[in-house]
Amino acid sequence: MSDLFVALTPPNLLACFIGTVLGTVVGVLPGLGPAAAMALVLPLTIKLGPTAGLIMLAGIYYGAMYGGSTTSILVNVPGEAASVVTTIDGYRLARRGRAGAALAVAAIASFVAGTFSVVALQLAAPLVARAALAFGPAEYFAFALLGVVLLANLTGGSRAKSLAMVVLGIMLSTVGMDPLGGTVRFTFDLAGAQAGLSFVAVTAGLFGVAEVLATMADPASTTPVARVRFRELYPNREELRRSVPPMLRGTVLGFLVGLIPGPAATIASFVSYGVEKKISRHRDELGTGAIEGVAGPEAANNAAAGGGMIPLLSLGLPFTPSTAVLLSGMLLMNVTPGPFLLRDHPQVFWGVIGSFYVGNVMLLVLNLPLVGVFARVATVPPRFLMPGVLVLCVVAAYADNNNLFDVWVVVGAGIIGWAMRALGFNPAPLVLGLVLGPVLERAFLQALTIARGEVSGLWASGPAAVMLAAAAVAFVAPAVLALARRSAADPV
Amino acid sequence: MRHRLAFAVALVLAAAAPASAFPDKPLELTVLFGAGSAADLLARKLAELAGRDLGQPVTVVNRTGAGGALGYTYVKGQPADGHALVWNSNSISTAYHAGNMKLDHTAFAGVAALTSEPVSLAVKADAPWKDARELLAHARANPGHVRLGNSGRGSFTHLVAVALENRAGVKLTHVPFGRELAVTTVLGDKIEASVQLPAEIMAQVTGRQVRVLAVSGDTRLVSLPDAPTLREAGVDLTMTLWRGVAVPKGTPETAIARLERAFTQAANGPEFRDFAARMGAVVDVRGAKDFDAFMARDDREIAALMEQIGLRKQ
């Protein structure tokens with residue numbers, strides 16, 4: 001335990017600083033993901049030795065979650081997949097002149113969640129890791145289905161329209177390689193489409209490019225935000241007070257979701273937003289620029305990043321591309337994660353844990369002053385800002401997989417996103433479908449194969465059965481309630 | 001003194017001149033799998049070492065998708081001057097036969113095969129089967145009962161499992177997973193065994209959560225000394241995933257020879273050998289001459305296995 005202070009030695013502090021700064025940059029820049037950045041610096045970190053090297057790699061990993069909200073809030077372009085939901089309220093806050101408040105709350109939420117998850121990681125890792133193993137394909141399928149049903153109507157409005165968007169998202173997710181491998185589908189013989197529709201390109205298009213097009217069509221719609229005085233730059237007491245409950249809820253939810261395989265940080269941010277939409281005292285304001293819509297999801301994605309460290313450190317199982325790079329780094333440094341990590345390498349284990357505390361403080365100190373700099377972006381007149389946003393979106397789409405086809409996807413998604421807005425469809429449920437589609441398909445087929453073709457395998461385990469039942473109830477309940485209300489109002 | 005130095009410098013420059021004809025600009029090595037994967041890390045290490053020898057940086061660019069088809073198609077579209085390389089593997093055959101691309105191995109010229117990785121057959125540490133013989137005997141007595149997680153339908157691990165069925169005369173239930181999740185599901189007691197590349201299971205072996213019953217190479221792995229080969233376990237099967245460097249067909253022989261020298265030297269050096277061993281890979285060098293014939297032979301084997309599981313489209 002005293003090894004915790006290993007993180008405070010100058011070389012380790014420096015490694016932590018470099019890692020978190022790089023992480024922030026990676027988070028801010030859309031298209032450049034943490035896994036790619038970590039793979040790039042891996043050779044350097046190996047030379048630093050296991051403790052400093054892993055501290056630096058981990059810094060990029062959780063640092064990216066801090067920066068992800070920046071472009072979401074300022075220009076409606078998600079910096080990371082996990083910051084897609086942050087655009088919904090974050091960007092509206094920015095247009096109202098509260099960019100600074102939203103950015104600061106995002107940083108504080110990330111700090112609270114990051115710190116909480118490392119405490120939980122330190123105290124409960126082996127215990128929680130065992131529980132994570134109980135989650136097999138059948139449970140994962142039930143969980144994803146429940147997510148689709150509960151979160152479809154994420155942004156309110158027409159239920160039918162939202163469901164249609166989720167289904168469209170799921171359909172779009174089937175383009176390209178079958179998630180279980182083998183065959184390529186729905187590519188219409190376009191070689192570039194074989195990698196599927198890039199998540200980065202689709203979201204940058206639906207949110208960012210669509211915003212640019214809307215501004216072009218109606219320049220009066222996006223008025224420049226007046227420059228705010230320093231005192232108004234940071235969140236006021238009311239905004240801070242309102243941020244606390246969603247932050248705490250998002251932290252717990254995010255941590256738990258982070259334990260399971262798949263795009264956990266992204267799912268966690270959606271779950272947090274869905275929960276706020278249902279139970280927040282200000283739920284009616286969500287979607288119009290409520291600080292809860294930033295505080296909850298940004299806490300959730302950071303907590304999920306912390307949660308994802310548990311299966312890695314306790315069992316040696318990486319559930320995301322970023323933790324997979326961390327695992328490779330550990331193996332190359334002759335540090336094997338798993339049950340014996342603490343016994344064999346206490347310095348490394350406690351050094352990395354300690355660096356999480358230090359790194360989160362560094363990130364907060366780093367990000368809060370940046371708020372002032374970034375918030376000015378919102379005051380740039382649209383005729384200068386929007387061309388920049390367009391460039392950012394196109395570069396992000398290409399950088400994601402160095403595939404020119406993705407540039408056409410970002411442009412196409414932008415036009416479709418603009419049309420969707422005009423027709424009153426919200427793109428957020430579509431993105432949810434895009435995230436959960438492959439999860440549903442993969443888990444469904446695996447669960448059936450594991451049950452040797454018996455459909456009952458889907459609900460054979462307790463947790464899976466409960467989640468499936470909950471999904472069925474949640475799907476039918478609104479219709480039944482509406483029917484009951486109608487017959488009560490109009491007795492025969 | 002000064003004269004002598006100037007003369008020496010001139011000599012060195014003169015000696016370097018013919019070599020500098022190729023490469024005359026930075027090279028690009030396309031990796032078909034994601035940043036941080038075992039394939040990617042091996043490629044990055046080799047690119048760093050070979051770049052030093054070539055005197056030009058070798059940039060690694062990840063172009064993932066369609067089991068490698070996207071990257072192969074991209075590299076084939078580049079000028080055949082030796083500057084566009086692909087980090088090649090058996091995926092050239094699996095992607096072609098699955099119908100994901102129009103190119104097959106004949107569209108490329110091999111520079112050198114450099115590494116190979118066996119597939120590991122593993123069960124949970126407390127599983128009742130002590131060795132591969134027992135597991136296979138159980139599978140023989142209960143056809144379809146043993147569920148074997150692989151890293152994707154039509155992936156190399158899946159093909160090894162199918163070949164194992166053929167040679168051992170057993171019937172298994174194949175469950176396709178992505179990277180790592182097959183091991184997770186074994187640990188969660190949802191399936192009986194997994195076939196994975198060693199790098200994907202090394203942490204669980206060291207953590208004594210799983211036992212490797214056999215590896216599919218012709219010798220044991222240094223990093224898994226207790227795991228016998230399939231042949232030792234009584235199954236006449238050797239299959240390894242090879243990786244190497246290839247260029248579009250039509251690349252000048254001199255450029256190929258220069259690349260071959262740089263990459264084989266890099267792979268044979270102690271620094272890379274050590275690096276590869278930790279990733280569960282073995283340095284297994286085959287020069288440009290043998291590589292093309294080797295790819296052709298491997299392609300026929302893979303075609304037959306894919307035919308058997310109904311994935312062969314062309």
Exercise for the section: Take A:Leu123 and decide whether it is surrounded by fewer than 22 Cβ atoms within 10 Å (Cβ to Cβ), free of Cβ contacts under 8 Å to residues at least 12 places away in the same chain and either in contact with a Cys (Cβ under 7 Å, 6 or more places away or on another chain) or part of a helix (DSSP H, G or I) (or both). Expected result: yes
Practice task
Of the conditions (1) within 14 Å of chain B (Cβ to nearest Cβ); (2) buried (at least 24 other Cβ atoms within 10 Å of the Cβ); (3) not hydrophobic (A, V, I, L, M, F, W, C), A:Arg130 clears all except one; give me its number.
Solution key: (2)
Handout entry: Subset of the stretch A:167-182 (residues that are open to solvent by 30 Å² or more (accessible area, probe 1.4 Å) and over 30 Å from A:Gly424 (Cβ atoms))
Key = A:Met177, A:Pro179
Practice task
Report yes if B:Arg231 is open to solvent by 20 Å² or more (accessible area, probe 1.4 Å), under 24 Å from B:Lys45 (Cα atoms), out of contact with any helix residue (DSSP H, G or I) (no Cβ under 6 Å at 6 or more places or on another chain) and modelled with pLDDT of 95 or more, otherwise no.
Solution key: no
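Residues are listed down the side, and each one gets a yes or a no for (1) among the aliphatic types (A, V, I, L, M); (2) modelled with pLDDT of 90 or more:
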residue: A:Gly67; (1), (2): no, no
residue: A:Ser72; (1), (2): no, yes
residue: A:Val75; (1), (2): yes, yes
residue: A:Leu93; (1), (2): yes, yes
residue: A:Leu103; (1), (2): yes, yes
residue: A:Gly114; (1), (2): no, yes
Problem - Residue check, A:Leu206 surrounded by 24 or more Cβ atoms within 10 Å (Cβ to Cβ), more than 29 Å from A:Phe116 (Cα to Cα) and in contact with a helix residue (DSSP H, G or I) (Cβ under 7 Å, 6 or more places away or on another chain) - result: yes
Exercise for the section: Could you figure out which of (1) crowded, with 24+ Cβ neighbours inside 10 Å; (2) closer than 30 Å to A:Met386 by Cβ isn't true of A:Gly156? Expected result: (1)
Fill in the blank from the handout: Exactly one of B:Arg231, B:Arg243, B:Arg261 is assigned to a strand (DSSP E or B) and either touching a Gly at 6+ places or on another chain (Cβ under 8 Å) or more than 14 Å from chain A (Cβ to nearest Cβ) (or both), and that one is B:Arg243
Practice task
Name the residue, out of A:Ala195, A:Ala164, A:Ala191, that is farther than 25 Å from A:Val75 by Cβ, touching a Gly at 6+ places or on another chain (Cβ under 6 Å) and open to solvent by 30 Å² or more (accessible area, probe 1.4 Å).
Solution key: A:Ala195
Exercise for the section: Could you tell me whether A:Leu440 is closer than 30 Å to A:Asp89 by Cα and either hydrophobic (A, V, I, L, M, F, W, C) or loosely packed, with under 11 Cβ neighbours inside 10 Å (or both)? Expected result: yes
Fill in the blank from the handout: Per the list (1) over 29 Å from A:Ser314 (Cα atoms); (2) within 18 Å of the chain's Cα centre (by Cα); (3) in contact (Cβ under 8 Å) with a residue 24 or more places away in the chain, residue check on B:Leu221 breaks on (1)
Exercise for the section: Check every one of the helices (runs of 4 or more DSSP H) wholly within the stretch A:305-388 and list those with 3 or more residues that are away from every other protein chain (no Cβ under 14 Å). Expected result: A:346-375
Handout entry: Residue in the stretch B:154-176 that is farthest from the chain's Cα centre (by Cα), counting only those that are in a loop (DSSP other than H, G, I, E, B) and crowded, with 24+ Cβ neighbours inside 10 Å
Key = B:Gly154
Problem - Selection from the stretch B:177-214 of residues that are in contact with a helix residue (DSSP H, G or I) (Cβ under 7 Å, 6 or more places away or on another chain) and either assigned to a strand (DSSP E or B) or away from chain A (no Cβ under 14 Å) (or both) - result: B:Ala193, B:Ser194, B:Val195, B:Gln196, B:Val210, B:Val212, B:Leu213, B:Ala214
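The values are calculated or read from the model by the stated rules, or taken from the named source; none is laboratory data. Keep in mind it's a predicted model, so treat the numbers as computed, not measured. With ideal geometry, Cβ positions are generated from the backbone for all residues, glycine too; neighbour counts draw on all protein chains shown. Remember, those area values only see protein heavy atoms, side chains included, never the ligands or the DNA or RNA. Shrake-Rupley method; radii C 1.70, N 1.55, O 1.52, S 1.80 Å.
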